[in-house]
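Just below is one structure, and these are the notes that go with it.
The values are calculated or read from the model by the stated rules, or taken from the named source; none is laboratory data. Just so it is clear, the model here is predicted, and its values are computed rather than measured. Cβ: placed from backbone, ideal geometry, glycine included. Neighbour counts: every protein chain shown. These accessible areas exclude ligands, DNA and RNA; they are computed on the full protein's heavy atoms, side chains included. Shrake-Rupley method; radii C 1.70, N 1.55, O 1.52, S 1.80 Å.
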Amino acid sequence: MKRTVTHRAERGARGPRPVHSRADIAAAAIRVADVEGIEAVSLRRVAGERGTGTTTLYRYIATKDELFALMIDSAIGEREPPPPTGDWQADLRAIAHEHRATVLRHPWPATLPATRPVLGPNSLRWLDAAYATVDVLDLDADEVPAQVGTVLTFVRGHVVDELAEQETARRSGTDMTAWLAAQAQYGELIIGSGDYPHLSRIMVEAEAPHADDRHERAFRRGLDHILTGLAHSRR
């Protein structure tokens, strides 16, 4: 059986004692990605951060994908899963908020393709904790990942949009509040045309899009709707 990078021994039965650890390598890569983006991460760059040669890192990591897997598992392992309370909705909500917080601290995982799951010990511990939240519902083995996956997919989608807005503001030098103010005249034309009554009502009455904590509000409300829907699906 081929072992994943997180489950291979750091040191072979023979050979010199390792100078580096995979944890140190992952930490160096995360520092680069947090500041410069995932595009700046390469084995050569990380080797430089560790003060060694690229060839040396191949004793620990075979590919860049393995490096990314180590980074993700290390980032998610910065915190422990929240302790269960017995209230499945509250517990799954807590898991969702922690996942969002992790990606907001480390935006680069959201830019990586969502392919196969990372099977590192931290990622597995968090996934197991997420599945444990719905254990009280006595779901079958197919329904558990379906329901938990619905929540985690929402988290990823929301955070991707949140980070995209931050990046747009960074590139343009204009945040959402300033952008909305600049569109005021065009907004009046849209409302005055009478062609978009439902959109116009939202533009006139909605408060959340203009709030400083609009992302937090939208996340909480969307998550509440999903959890309510999952609860109703059990009736």
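The simple spin-label model puts a point 7 Å past each Cα toward its Cβ; for Glu143 and Arg44 those points are separated by 5.4 nm. What is the helix-to-structure angle for 143-172, meaning the angle in degrees between its Cα long axis and the longest Cα principal axis of the chain, kept from 0 to 90 and rounded to the nearest 10? It works out to around 80 degrees. Using just the C-alpha positions of the stretch 73-144 as equal point scatterers, what log10 of I(q)/I(0) does the Debye formula give at each q in 0.17, 0.20 1/Å? The computed values of log10 I(q)/I(0) come out as -0.68, -0.91. Here the stretch 166-235 and the stretch 28-105 have alpha carbon centers that stand 31 Å from each other.
Annotation note: GluC sites (Glu not before Pro) in the stretch 19-111 located in DSSP loop regions with a Cβ neighbour count of at most 13 within 10 Å are Glu78.
Using the Cβ-Cβ distance between Arg171 and Glu36 with R0 = 22 Å, the FRET efficiency computed as 1/(1 + (r/R0)^6) comes to roughly 0.90.
Label reach from Glu216 (point 7 Å along Cα→C-beta): in the stretch 158-195, no amide nitrogen lies under 14 Å. Solvent-accessible area assigned to carbon and sulfur over the chain amounts to 54 percent, based on a 1.4 Å probe.
Please express the shape of the stretch 161-235 as an equivalent ellipsoid: the semi-axes are the square roots of 5 times the eigenvalues of the C-alpha gyration tensor, given largest first in whole angstrom.
So the three semi-axes of the stretch 161-235 are 28, 20, 9 Å.
When only Cα pairs under 8 Å and 6 or more residues apart are kept, what is the percent relative contact order across the stretch 80-235?
24
Compute the helix-to-body angle for 88-105: its Cα long axis versus the longest principal axis of the chain, expressed 0 to 90° and rounded to tens. Taking the Cα atoms of the chain, the angle to 88-105 is about 70 degrees. Taking a ≥ b ≥ c as the square roots of the Cα gyration tensor eigenvalues, the chain comes out oblate, since a/c reaches at least 1.5 and a/b does not exceed b/c.
Peptides 194-202, 127-135: what's the order by average Cβ count within 10 Å, highest mean first? Don't skip to the answer; put the middle values down first.
Values: 194-202: 10.4, 127-135: 18.3.
Final packing ranking: 127-135, 194-202.
On the basis of the beta-carbon distance and an R0 of 30 Å, Arg201 and Asp161 show a calculated FRET efficiency of 0.85.
In the full protein context, the chain carries 62 Å² of accessible surface per residue, based on a 1.4 Å probe and ignoring ligands, DNA and RNA.
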